1. What is the gain in length, in nm to one decimal, between Gln15 and Arg61 on full extension, counting 0.36 nm per residue of separation less the C-alpha to C-alpha distance?
2. Note the full-extension length gain between Leu8 and Leu35 as 0.36 nm times their separation in residues minus their Cα-Cα distance, in nm to one decimal.
3. Using the 2.2 N^0.38 Å rule of thumb for compact globular proteins, work out how the chain stacks up: its C-alpha Rg over that value, please.
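Every number in this text was worked out from the coordinates using simple rules, so none of it is lab data. None of these values were measured; they are calculated from a predicted model.
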Amino acid sequence: FVSLEGALREQVSMQQGALEQSNVDLTTEMSDLMLTQRSYQFNAKSISISDQMMGLVNGIR
């Protein structure tokens, strides 16, 4: 039980058994997540290739 205080306490209500609407667009969020994952994979691969090239350069010296 929550005790509400203030001028607007009579305007607050709750409805039992109702689903809450979300302001999140699931398709947009999933697309953004996939783009972020691909970007992370690309950056990780470029760092790995850079490390390999530095190893080759150090091996040639």
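1. 9.2 nm
2. Fully extending the segment from Leu8 to Leu35 adds 5.4 nm.
3. On the way: Rg = 26.5 Å, N = 61, 2.2 N^0.38 = 10.5 Å.
Here the Cα radius of gyration is 2.52 times the empirical estimate.
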